[in-house]
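Below is one structure, written out as structure tokens; the observations come after it.
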Amino acid sequence: PPTPPGQTSSPDPKLPPPRVSMDIAHAVEGGSRRAVNITIDDGPDPTWTPRILKILRDNGVRATFCMIGPQAAAHPGLVRRVVADGHRLCDHTVTHNTAMDHRSKRYQKRQILTAAAQITRASGGVEPLYYRAPGGAFTPYSRQIAASAGMRPLGWNVDTKDYEEPGVRAILHAVRHELDNGPTILFHDGGGDRSQTAAALRKLLPWLRHHGYGFGFPVR
């Protein structure tokens, strides 16, 4: 089937060249077909991020945290805990504008690069390795700007819709029935009450391991 629009394109020679692929990543690094990428968006949050970090640690799982720049700047200790636990960082912009693909190139660039600088500063110098557009609002321009800064655009295959607080059973059902879509699973640790997310992860991670899944990072 044809590639969905906006997923891949050739670099614009008038822009800085990509340092990593500017195609939107979904696969697991190393090419494993029996592994998943746990990705966690909209934090860090002083209430929920520590709880989710503990669940990940208890299960021996490393994840990718897609952080809002000002949230990272406000909670540098949490960012450093994420890094110290072996997780990877991802740029999720400054204001989480899900319509940023309709804004100017100048606006898109500022959203991406300002957040990257805030996250890097908060982490003590560890740069984000990925860029995830809010709501998937990627453009060829924004993907190349991110890739030129060393950040691989990052998509997802399984949307748990945990941000809607649908209940733990609904979150688990979404993962179990959408895993055939691909390995990258979307959760949230910020933007609201994430007690359901934490409870779902506590059940889901052992379930995945019991069913033969490993845990990895998205391809770069």
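The values are calculated or read from the model by the stated rules, or taken from the named source; none is laboratory data. Source: prediction; values computed, not measured. Here the Cβ is made from the backbone with ideal geometry for all residues, glycine too, and neighbour counts use every protein chain on show.
Could you please find all residues in the range 81-109 being among the hydroxyl-bearing types (Ser, Thr, Tyr) and out of contact with any helix residue (DSSP H, G or I) (no Cβ under 9 Å at 6 or more places or on another chain)?
SER104
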- [ ] Out of the residues in the range 22-44 that are surrounded by fewer than 21 Cβ atoms within 10 Å (Cβ to Cβ) and out of contact with any Ser or Thr (no Cβ under 9 Å at 6 or more places or on another chain), state the one that is farthest from VAL219 (Cα to Cα).
- [x] ARG34
Task: Options GLY190, GLY124: the member that is over 18 Å from the mean Cα position of the chain (by Cα) and either closer than 23 Å to TRP48 by Cβ or at pLDDT below 95 (or both) - done: GLY124
TODO: Determine whether ALA149 is at pLDDT 95 or above, under 16 Å from ILE40 (Cα atoms) and small (Gly, Ala, Ser).
DONE: no
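If you check MET100 against the conditions, is it under 20 Å from ASN37 (Cα atoms) and among the aliphatic types (A, V, I, L, M)?
Answer is no for this residue.
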TODO: Restricting attention to the range 92-103, report how many residues are β-branched (Val, Ile, Thr) and either surrounded by fewer than 20 Cβ atoms within 10 Å (Cβ to Cβ) or part of a helix (DSSP H, G or I) (or both).
DONE: 2
Task: Given (1) surrounded by fewer than 21 Cβ atoms within 10 Å (Cβ to Cβ); (2) modelled with pLDDT of 95 or more; (3) part of a loop (DSSP other than H, G, I, E, B), number of the condition ARG110 does not satisfy - done: (3)
Open item on the list: All but one of (1) buried (at least 22 other Cβ atoms within 10 Å of the Cβ); (2) over 16 Å from the mean Cα position of the chain (by Cα); (3) of a type in the set (Phe, Trp, Tyr) hold for PHE65; state the number of the condition that does not hold.
Closed with: (2)
Open item on the list: Filter the range 201-218 down to the residues that are in contact with a strand residue (DSSP E or B) (Cβ under 8 Å, 6 or more places away or on another chain) and among the small types (Gly, Ala, Ser) and list them by number.
Closed with: GLY214, GLY216
